[in-house]
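Reviewing the structure listed below.
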Amino acid sequence: MEGKELGAYRIQAELGSGGMGKVYKALDDNGDTVALKIVHPHLLEAPGFFKRFLREAEAGRRIEHPNVVRTLDVDATVLDDRHYHYLVMEYVEGQTLSELLGELERVPEVLCRHIGREVAVALEAIHAAGVVHRDLKPENVLITPDQAIKVMDLSVASLADEAMRLS
């Protein structure tokens with residue numbers, strides 16, 4: 001996908017992938033760097049999946065907090081006769097907590113406390129927006145070079161009012 005354009009975004013490099021799709025570093029029309037999460041096409045055929053995709057976008061848009069990766073937009077386009085659905089998110093330079101744990105034999109206590117405190121603040125903001133994350137794990141916590149902490153990936157999040165109806 002590198003070098004291809006999806007709507008207003010030129011894909012630069014793959015950042016990672018998960019159960020819902022692949023994430024790419026991209027540039028928008030203004031030259032700003034963003035992250036694009038492109039949904040695996042076969043998932044769109046699954047019953048209820050498209051609603052889940054839109055729920056992630058809605059959940060992400062509800063939250064504006066420095067400790068949560070911001071969802072900027074959701075869109076779809078056709079490229080080479082294929083349909084692509086994607087989320088546009090804030091691009092964050094850094095590594096996941098999982099990657100950091102793989103590098104370090106032991107996380108220093110001061111850093112451990114900092115990460116815990118910042119993740120708790122992020123979860124507070126997520127819950128205040130009426131969202132339940134439901135997939136908090138080291139792979140979904142980003143640490144920037146200056147040790148800012150950002151929680152990401154609301155793909156299995158539920159909106160609190162939905163969760164209340166289900167429980």
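In degrees between 0 and 90, to the nearest 10, how far off the longest principal axis of the chain does helix 49-62 point, with axes built from Cα atoms?
Between helix and principal axis, roughly 50 degrees.
Within the accessible area of segment 15-167, what % is carbon and sulfur when the probe is 1.4 Å and the other protein chains stay in place? All intermediate terms of the calculation are to be shown ahead of the outcome.
Numbers: 4390 of 8590 Å².
That fraction is 51 percent.
Residues of segment 113-130 with the amide nitrogen closer than 12 Å to a label point 7 Å from the Cα of Glu99, along Cα-to-Cβ, please.
Answer for this model: none.
Efficiency by 1/(1 + (r/R0)^6): what FRET value for Asp135 and Glu5, r their Cβ-Cβ distance, R0 = 22 Å, to the nearest 0.05?
With R0 = 22 Å, the Cβ-Cβ based efficiency is 0.15.
Applying 1/(1 + (r/R0)^6) with R0 = 30 Å to the Cβ-Cβ distance of Glu14 and Arg106, what FRET efficiency is obtained, to the nearest 0.05?
On the way: r = 31 Å, r/R0 = 1.02.
Here the calculated transfer efficiency is 0.45.
To the nearest 10 degrees, how steep is helix 109-128 against the longest Cα principal axis of the chain, on a 0 to 90 scale?
The answer is roughly 50 degrees.
Please calculate how many Å² of accessible area segment 1-120 carries per residue, with a 1.4 Å probe and no DNA, RNA or ligand atoms counted.
Numbers: 6940 Å² over 120 residues.
Solvent-accessible surface per residue comes out at 58 Å².
In deg cm²/dmol and to the nearest 500, what is the mean residue ellipticity at 222 nm of the chain if only DSSP H runs of at least 4 residues count, each as -39500 (n - 2.57), divided by the residue total?
Values: 4 runs with 48 residues, N = 167.
One gets -9000 deg cm²/dmol as the mean residue ellipticity at 222 nm.
When Rg is the radius of gyration of the Cα atoms in the chain and Rh is its Kirkwood radius, what does Rg/Rh come to?
Values: Rg = 16.4 Å, Rh = 16.7 Å.
My calculation puts Rg/Rh at 0.98.
Given the pairs Lys25/Lys150; Lys4/Lys25; Lys4/Lys51, which are separated by over 20 angstrom at their Cα positions? It would help to have the intermediate numbers written out before the result.
On the way: Lys25/Lys150 17 Å; Lys4/Lys25 12 Å; Lys4/Lys51 27 Å.
Table pairs above 20 Å Cα-Cα are Lys4/Lys51.
Using per-residue counts of other Cβ atoms within 10 Å, averaged over each peptide, order 20-29, 139-148, 74-83, 103-112 from highest down. Walk me through the numbers on the way to the answer.
Values: 20-29: 18.8, 139-148: 15.3, 74-83: 11.2, 103-112: 9.5.
Packing order, densest peptide first, comes out as 20-29, 139-148, 74-83, 103-112.
Around Glu64, under 11 Å between beta carbons, what's the net of Lys plus Arg minus Asp minus Glu among the other residues? Please list the in-between numbers first.
Values: positive: Arg61, Arg62, Arg70; negative: Glu90.
Summing Lys/Arg as +1 and Asp/Glu as -1 gives +2.
Rounded to the nearest Å, what's the spacing between the alpha carbon centres of segment 89-135 and segment 1-69? Just the number, please.
Distance between centres, Cα-based: 20 Å.
The values are calculated or read from the model by the stated rules, or taken from the named source; none is laboratory data. In this text the structure is predicted, and so the values were computed from the model without any measurement. Glycine gets a Cβ as well: all are built from the backbone with ideal geometry, and neighbour counts include every protein chain shown. Quick note on the areas: whole protein, heavy atoms, side chains included, nothing else; ligands and nucleic acids left out. Shrake-Rupley method; radii C 1.70, N 1.55, O 1.52, S 1.80 Å.
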